[in-house]
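Below: the structure, in structure tokens.
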């Protein structure tokens, strides 16, 4: 035998805490790094029935079964590796009995902070685990039963908890009698009909009104006069009395078995647990039956209601006392006065309960009432239709249960704590006997595996729930346990593969416990489907990526929208002054100046188009959606595309005919397609193959390449595929950002794909990107199908533009805009058209001036984005003073503005910067002409 390290033993023996260790009721021990015991306290010797000399210097593998020793050693190594304390539940099999210990293990260090040993403190929790199992049966089975099924559930789960053949709940048949009647009787796996029997000569006479009573064997000889013991073949019996809260005996709960019952402590503990619920239910039944016939002497509040109106026609003194009103005051009060006043405890709710009692039969419920002093109380209410004095009435029996509700609230809090512990158990509970046949299959298992309990009970578990490839290993392990009592899965949780009724395999977490019975071992497996858990980590990673992408795109969208707003203000004056300068140049017949100004206007219009792309990306600009047949649109587009691409690019099309329409702006979608094709041309260096395809598809689970959101549904898929070099993976997450481009400097603005992102998502679409370096790229634009009702709508035709001529206008116009360049331009432009113009750069000052003389101005033009007061807010003020005031609102960034909503608030027109001078002149002309009329 290897001896323990002398230095370690000496240090422990000399430690001043040794007296505490020796006198502790907990099992305390120290093992060296090799797993050999260096110290054990007297509690260890008493529990394992071993002297210290037999233990010291030996390892767990020399003292316990190999499987148990392996687990203990693994726990020790975990503490050594982690270098801090860890708590374990450890199971041991001693004297043919399973023991569960809660062990707290921690490392011991030397002066150099090196781990030199492991110390353990173990506490026996076996009894607690058995009690928790009984509580689980009560929580899962009895607590879920309705009041009519409580006793049946009690005896069913009691028999299961104690593995008994016979279980019942009895109560006294009549007060003062010596006869008992069963409320529920369970025998041989089934509920039986209730019976009445005299208590004398039966084991129940030693239980009823007394205490717990156990007969371990020889039941028939001890109570020879009880014929039922021979009928049910019972040899052992245990009963527990049921008492009311006032100490009055109510009945008893008992079990019987053809063989011996479990140990006395276990039987008594479990019966005590079930007796609490049984006594509570009996007491509740007694409360219902205890309403005395003498109305005035009843201890419960009794109300008599009119059958039709529900009005009170009589109450007993207890009701007056409980509610705090006199008899006459009670009859004068409406039922609303007695209700808590909030749903579902209102007068209307009370009237509904009375109607149910009248039409459907007796009603029982809990009610929240309000007393005369305003205090709130809980009542248990029983409504019943009855004939009193030859008149049909509704009787309401109420009993205050405020204390019970408070106790139930406390109990629920306690049960919630217990459910938190039970919540760590697995969902499916599957029992198997020694022949490998399924005996237990709970509802969670039914839902998980797709079998009904009746289908699987008695069937071989391996053939139904275990995949074909692992059945042989399962059978070998099962037979090995039957022969040796050892198994690798017992006492720990493992991940396995299971099989549903459909044949589908799924990952599962499994824990197996074994319950010994006279019929042999019974195996209980706790199984949890962990498919979602395994997918959760993958989903979490995807969601984090989506969030990062959404935040980045949102920030860029706000930035581009802000830039677009400022540029549109600049372009308004630039384009406006350019047009005005062209008019002067034409009047002076200066061709060179006209040519120069035309070039300036072209450049400004290109800048306007770039800003429009930025607005499209930031969703500040909306198109004119209409039902579109993409196959026709693409067919027309190909003619333009062929003239744009060089002959060295081969164009291949695959367009499915007769596809349903989609709701898009055709011009915007052509922009998307053109940008994708131009990008493909540039990627191929103007030499290669370009494939354009259109087809209908069903997406089960897709991820958008630009917004990173998951989506699914029916779509039209427009694909643009090139034979270019492909896109590196590290760049694929950035290509939809504005101004990001892989092209050489000066060869692109970087707005093409960002504009495509904005347009496609404007119409609830998404973009797929499939690309590998050296294998080309394929962009897939997925547009949702159009509803049938919308597909019949007529396309929106763009309004015809007026000629660039400026007839003279007459009238007074007020312009409010905080931008000095825009204000200056608007003043000159409107004045050039013949209008009298007044401008303000401060919205509050303009509000005061305009409201002081509302009829002095024919038209008001307001900028939307101004400090302190927006254009729409100012318009509301002006329209409140003059409802018919012609007001136009213009904006350089329409984020948050819907044209139909703006017009619905009384604004006559919504214009966009840079201003379309033709549209502005036409609107002013029409508006001022109408004002003149």
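Pick from the stretch 883-905 the residues that are at pLDDT below 90 and touching a helix residue (DSSP H, G or I) at 6+ places or on another chain (Cβ under 6 Å): which of them is farthest from residue 811 (Cα to Cα)?
If we take residues in the stretch 883-905 being at pLDDT below 90 and touching a helix residue (DSSP H, G or I) at 6+ places or on another chain (Cβ under 6 Å), then 895 is farthest from residue 811 (Cα to Cα).
Would you mind stating whether residue 543 is farther than 20 Å from residue 441 by Cβ, modelled with pLDDT under 70, touching a helix residue (DSSP H, G or I) at 6+ places or on another chain (Cβ under 9 Å) and not assigned by TED's automatic domain parsing to the domain that holds residue 736? Quick ask: steps written out before the conclusion?
Numbers: farther than 20 Å from residue 441 by Cβ: yes; modelled with pLDDT under 70: yes; touching a helix residue (DSSP H, G or I) at 6+ places or on another chain (Cβ under 9 Å): no; not assigned by TED's automatic domain parsing to the domain that holds residue 736: yes.
No: the conditions fail for residue 543.
If you go through the stretch 708-723, how many residues are crowded, with 19+ Cβ neighbours inside 10 Å and in contact with a helix residue (DSSP H, G or I) (Cβ under 8 Å, 6 or more places away or on another chain)?
Qualifying residue count, the stretch 708-723: 6.
Within the stretch 357-376, track down each residue that is within 39 Å of the chain's Cα centre (by Cα) and within 18 Å of residue 334 (Cα to Cα).
367, 368, 369, 370, 375, 376
Please go through the stretch 734-755 and give me each residue that is over 23 Å from residue 783 (Cβ atoms) and at pLDDT 70 or above, ordered by number. Write out each step before concluding.
Looking only at the stretch 734-755, we keep the residues that are over 23 Å from residue 783 (Cβ atoms), and these are 734, 739-750.
Matches in the stretch 734-755: 734 only.
Taking the stated definitions as given, is residue 339 in contact with a helix residue (DSSP H, G or I) (Cβ under 9 Å, 6 or more places away or on another chain), modelled with pLDDT under 90 and closer than 26 Å to residue 378 by Cβ?
Numbers: in contact with a helix residue (DSSP H, G or I) (Cβ under 9 Å, 6 or more places away or on another chain): yes; modelled with pLDDT under 90: yes; closer than 26 Å to residue 378 by Cβ: yes.
Yes; evaluated as a whole, the condition is true for this residue.
Residues in the stretch 858-875: is at least one more than 56 Å from the chain's Cα centre (by Cα) and surrounded by fewer than 22 Cβ atoms within 10 Å (Cβ to Cβ)? Outline the logic, then answer.
Our first condition is that a residue be more than 56 Å from the chain's Cα centre (by Cα); within the stretch 858-875, this holds for 858.
Going one step further and asking which of them are surrounded by fewer than 22 Cβ atoms within 10 Å (Cβ to Cβ), we end up with 858.
Checked the stretch 858-875: at least one residue is more than 56 Å from the chain's Cα centre (by Cα) and surrounded by fewer than 22 Cβ atoms within 10 Å (Cβ to Cβ).
Filter the stretch 63-85 down to residues that are free of Cβ contacts under 8 Å to residues at least 12 places away in the same chain and surrounded by 15 or more Cβ atoms within 10 Å (Cβ to Cβ), then give me how many there are.
Count: 1.
Taking the conditions exactly as written (closer than 22 Å to residue 295 by Cβ, crowded, with 16+ Cβ neighbours inside 10 Å, touching a strand residue (DSSP E or B) at 6+ places or on another chain (Cβ under 8 Å) and at pLDDT below 90), does residue 322 satisfy them or not? Outline the logic, then answer.
Working: closer than 22 Å to residue 295 by Cβ: yes; crowded, with 16+ Cβ neighbours inside 10 Å: yes; touching a strand residue (DSSP E or B) at 6+ places or on another chain (Cβ under 8 Å): yes; at pLDDT below 90: yes.
Here the answer is yes, as residue 322 does meet what is asked.
Scan the stretch 262-276 for residues that are surrounded by 21 or more Cβ atoms within 10 Å (Cβ to Cβ) and more than 13 Å from residue 211 (Cβ to Cβ) and report the count.
Let us first name the residues in the stretch 262-276 that are surrounded by 21 or more Cβ atoms within 10 Å (Cβ to Cβ), namely 267, 270-271, 274-275.
With more than 13 Å from residue 211 (Cβ to Cβ) added as a condition, the list becomes 267, 270, 274.
The number of residues fulfilling the criteria is 3.
Which is farther than 27 Å from residue 280 by Cα, out of contact with any helix residue (DSSP H, G or I) (no Cβ under 7 Å at 6 or more places or on another chain) and part of a helix (DSSP H, G or I), of 404, 393, 356?
On the way: 404 fails: farther than 27 Å from residue 280 by Cα; 393 fails: part of a helix (DSSP H, G or I).
Selected residue: 356, the only one of 404, 393, 356 that is farther than 27 Å from residue 280 by Cα, out of contact with any helix residue (DSSP H, G or I) (no Cβ under 7 Å at 6 or more places or on another chain) and part of a helix (DSSP H, G or I).
Could you look through the stretch 96-128, keep only residues that are within 18 Å of residue 72 (Cβ to Cβ) and outside any strand (DSSP E or B), and pick out the one that is modelled with the highest pLDDT?
Looking at the filtered set, the residue picked out is 125.
Within the stretch 48-62, which residues are closer than 22 Å to residue 488 by Cβ and not in a helix (DSSP H, G or I)?
Taking the stretch 48-62 as the starting set, the residues that turn out to be closer than 22 Å to residue 488 by Cβ are 59-62.
Residue satisfying the conditions is 59 alone.
Which condition breaks for residue 724 when tested against (1) farther than 17 Å from residue 775 by Cβ; (2) in a loop (DSSP other than H, G, I, E, B)?
(1)
Looking at the stretch 63-78, which of its residues are more than 11 Å from residue 118 (Cα to Cα) and assigned to a helix (DSSP H, G or I)?
At the first step, the residues of the stretch 63-78 found to be more than 11 Å from residue 118 (Cα to Cα) are 63-72, 74.
Matches in the stretch 63-78: 63, 66, 67, 68, 69, 70, 71, 72, 74.
Which ones in the stretch 467-476 are modelled with pLDDT under 90 and surrounded by 14 or more Cβ atoms within 10 Å (Cβ to Cβ)?
Of everything in the stretch 467-476, those that are modelled with pLDDT under 90 and surrounded by 14 or more Cβ atoms within 10 Å (Cβ to Cβ) turn out to be 470, 471, 474, 475.
Looking at the structure I just gave you, is residue 686 farther than 22 Å from residue 758 by Cβ and either surrounded by 20 or more Cβ atoms within 10 Å (Cβ to Cβ) or assigned by TED's automatic domain parsing to the domain that holds residue 756 (or both)?
On the way: farther than 22 Å from residue 758 by Cβ: yes; either surrounded by 20 or more Cβ atoms within 10 Å (Cβ to Cβ) or assigned by TED's automatic domain parsing to the domain that holds residue 756 (or both): yes.
It is true that residue 686 is farther than 22 Å from residue 758 by Cβ and either surrounded by 20 or more Cβ atoms within 10 Å (Cβ to Cβ) or assigned by TED's automatic domain parsing to the domain that holds residue 756 (or both).
Among the residues that make up the stretch 280-294, is at least one of them in contact with a helix residue (DSSP H, G or I) (Cβ under 6 Å, 6 or more places away or on another chain) and assigned by TED's automatic domain parsing to the domain that holds residue 212? Even if it seems obvious, please write down each step before you answer.
Narrowing the stretch 280-294 to residues in contact with a helix residue (DSSP H, G or I) (Cβ under 6 Å, 6 or more places away or on another chain): 281.
Among the residues that remain, those that are also assigned by TED's automatic domain parsing to the domain that holds residue 212 are: 281.
Yes; the residues of the stretch 280-294 include at least one that is in contact with a helix residue (DSSP H, G or I) (Cβ under 6 Å, 6 or more places away or on another chain) and assigned by TED's automatic domain parsing to the domain that holds residue 212.
The values are calculated or read from the model by the stated rules, or taken from the named source; none is laboratory data. Computed from a predicted model, the values in this text were never measured in an experiment. Methodologically, a virtual Cβ is constructed for each residue, glycine included, from the backbone with ideal geometry; neighbour enumeration extends over all protein chains shown.
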